1. If you take every residue apart from Leu355 with its C-beta less than 9 Å away from the C-beta of Leu355, what net charge results, scoring Lys and Arg +1 and Asp and Glu -1?
2. Around Tyr466, under 15 Å between beta carbons, what's the net of Lys plus Arg minus Asp minus Glu among the other residues?
3. Return one number: the angle in degrees, 0 to 90 and rounded to the nearest 10, between the long axis of the Cα atoms of helix 669-686 and the longest principal axis of the Cα atoms of the chain.
4. Using only the alpha carbons of the range 454-608, determine the length spanned along each of the three principal axes and report them from longest to shortest in whole angstroms.
5. For the range 329-389 and the range 1-35, what is the separation of their Cα centres, given in Å?
6. Compute the helix-to-body angle for 597-606: its Cα long axis versus the longest principal axis of the chain, expressed 0 to 90° and rounded to tens.
7. If you average the C-alpha positions of the range 38-94 and of the range 102-134 separately, how far apart do those two centres end up, in angstrom?
8. If you fit an axis through the alpha-carbon atoms of helix 634-646 and take the longest principal axis of the Cα set of the chain, what angle between them do you get, 0 to 90°, nearest 10?
Amino acid sequence: MTASLPSPPVAKRLPVVTTLHGDRRVDDYAYFRDLDHPETIPYLEAENAYTAAMTAHSTALEQQLYDEMLGRIKEDDSQVPVRRNGWYYYSRTETGKAYPIFARKRGALTAPEEIYYDQNAEAEGHAFHALGGMEISPDHSRLAVLVDTTGYEEFTLRVKDLERGVWLVERIEMLSVGLAWASDNATLFYMTPDAAKRGDRVWRHRLGTARAEDVSVYHDPDALFNVDVVLSRDEKWIFISSGSFTSSEWHVIPADRPATAPRLLAPRRPGVEYEVEAGEGLFYIVTNENATDFKVMIAPVDVSGDAPGVSGPEAWTEWLVHRPGVFVEGILPFRRHVVIIERRDGLRQVRITALDGGATHDVRFPEPAYGVFPSANPMYDATVMRFTYSSLVTPHTLYDYDMETGVRTLLKRDDVLGGYDATHYEVERLFVTARDGTQLPVSLVHRTGFRRHGKAPLLLYAYGSYGSTTEPTFSSSRVSLIDRDVTYAIAHVRGGQEMGRGWYDDGKMMQKMNTFTDFIDIADYLVNEGYTSRDGLVAQGGSAGGLLMGVVANLRPELFRAIVADVPFVDVINTMLDASLPLTAQEWEQWGNPHHPAEYRYLRSYSPYDNVAAQGYPRMLVTSGVHDSRVAYFEPTKWVARLRATRTDSNPLLLKMNMGAGHGGASGRYERLREHAFSAAFILASLPSLPTAR
């Protein structure tokens, strides 16, 4: 006799009718926006209880997956120390402890260890604990940290005297991310947000003084612009940047004269973006002015006198020309070399130029798809550049690269316990033709010997927004799926920046639909070419990638066996109409402004919440967090409620709401691993037959 399934929660319908640009919309679940509404918390709790009941049959599988994932991690581990002047800094983890321990040694690696911040001790009594910033003063005597204990990304600044091992009186609350020390080791620059959580103001604080005495040194009232503050790598400048999705401007303050008023480098102009790095007596400026894929300019700097002599754009000269098809992502200047991070043919490249003669060479990488990232490089005088390399089969590997000799030294490869052998897996890189003829990159990893017989399950992931590139890098938790013969694939759809700035531009605003159709075209290709079948194809994406999941669920529900939508941005029209919500106003340049009729109609055409239809949907898992400040909990909540009331199928539709976390989920590493195991168990249990591990 089969046990009956529990009944899903039914949300009360309280219609709110709005009309905009002649379009009448009915929102039955608008009240979920109010966490104090008498229906909200009980409904969320009912959804969690329903999800627990519906996944009870896979609890043992979930525990097995968790044990496997945990068993691959070296719980007691340490980072390679980073040398900064006369100190070596590193973090380490201990078995059973959820957070890292930050430590340092003075003078030599054999010196006694000094623990300067134990996040485990600091997190005691908090269900959530995340760091938004951690900066050591230039003389290494003080530590400034930004701490969030709710997940809502509201940070508290604290300062520790490292010589005495005591916390100072400073406790400045309700801050945003952004922190920089001045050269005097007693002046800090920090940031505050506006009512919509946009970082908009930089403050100067003198240790030991009251917050009321802090000086506002920069404020940007434009709701489209985000502000940031950072100390330059050579520690000579406080950089204050302000940027929208299409324009930017930078101000500078000499770090040894923190009371100096910020000096503007170049005023903002529509469509012109630039970023600044400090070099020897000059600034390197990466800009898209008359350069779609960006170029590098240099500007001389005169630091004599009472204020920095910053040259305006008319005095800038070209250092690296624009090369169409070669996207300059950023630069890392050293005293004798400049490292250029650029993207060619969809893969990140590292290009090094010597400043004593201009000789240039590339750092070579061996695999067909990979990710490479500059690591901590605080020593401006160094001739060695540290970077991390990884692929879908190669664990994160740290190298020192001698920029003069070209010799790379392997410092550490992350241990993957449990007998992991990279030769048992192989990586593929495909190009799929989209419906408009565009060639779309796809990165895949599967077991060695995989055959395209159309029977294997496949998990297809994508993000595709904000120009964020999804690098094909390693995840030890993913091995549990691949060892059960699940192919993992990344669809590098337009809206990211894999193929350059044009790739981003073709996947936003009035061309956003390309992101969604690219994903569908790749999914169709993988089915048609025998990589998987519709019965074995699972899609996953989070945040803006969760929007992607919502759209493809509406457009092609029959194409997918299951969909996992993490913290999904699905209530597009309502969110983009409300400038009081975090991120909304500035993202009018990303998605469009629904107050404009044409942009409203385009958003309305794909907004997942507004396009839920009376049709069958795949099995779906939707996750969120009550304290999410980026995609509010009520978006996925409303979406699930509407799906329940409208769809015609009886497939599992689950909402898992974390009642104590925000956009990134749980903060501790063990709880985060639990979340991965839960998601993986849902994916495996959704397949026609449960795969077994090899």
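Throughout, read-outs are computed from the coordinates displayed, never taken from laboratory work. Bear in mind the structure is a predicted one, so any value in this text is a computation, not a measurement. Here Cβ is always computed from backbone atoms with ideal geometry, including for glycine, and neighbour counts include all displayed protein chains.
1. Surrounding charge for Leu355 is 0.
2. -3
3. Result, in degrees: 30.
4. Principal-axis extents of the Cα atoms in the range 454-608, largest first: 48, 30, 26 Å.
5. 51 Å
6. On a 0 to 90 degree scale, this one is about 60.
7. 20 Å
8. Tilt of helix 634-646: around 20 degrees.
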